[in-house]
Amino acid sequence: MLISPQVTLQLFRHLAPRRAPRDAALPLTERELAVARLVAEARTNGEIAEKLCISAGTVKTHLVNIQRKLKTRNRVAIAAWVWETGESGT
């Protein structure tokens, strides 16, 4: 079953605990973190590319790197990491 990215985002906002960012060094670069935050906002690759002034291919590369570093399998897991760690920037 597929769930709308917007519904997933609302669910994470409702359920995720608000914690301060971890003191330890982040596993992601600043650019990867920016991409991850936008994924957590349910943005598409095209929207992320436009917002960060990069190509959609570069977004895909960042997503592959993020998934490898966080040991996640998909965008939902990336969004969950953002919300669980308090890295949403909100």
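The values are calculated or read from the model by the stated rules, or taken from the named source; none is laboratory data. Keep in mind that this is a model prediction, so the values were computed, not measured. Calculation scope for accessible area: heavy atoms of the full protein, side chains included, ligands and nucleic acids excluded. Shrake-Rupley method; radii C 1.70, N 1.55, O 1.52, S 1.80 Å.
Observations on the model:
- Residues whose amide H falls under 5 Å from that of GLY86, counting only those 5 or more places apart or on a different chain, are ARG19, with hydrogens built in the peptide plane.
- Contact order for segment 24-69, expressed relative to its length and based on alpha carbon pairs under 8 Å spaced 6+ residues apart, stands at 45 percent.
- Straight-distance crosslink candidates among aspartates and glutamates, where the alpha carbon sits under 19 Å from LYS71 and sequence neighbours closer than 8 are dropped: GLU30, GLU32, GLU84, GLU87
- Relative to the current alpha-carbon distance between SER55 and LYS71, full extension at 0.36 nm per residue lengthens the span by 3.4 nm.
- Expressed as a whole percent, the accessible surface of segment 40-90 that belongs to carbon and sulfur atoms is 52, based on a 1.4 Å probe.
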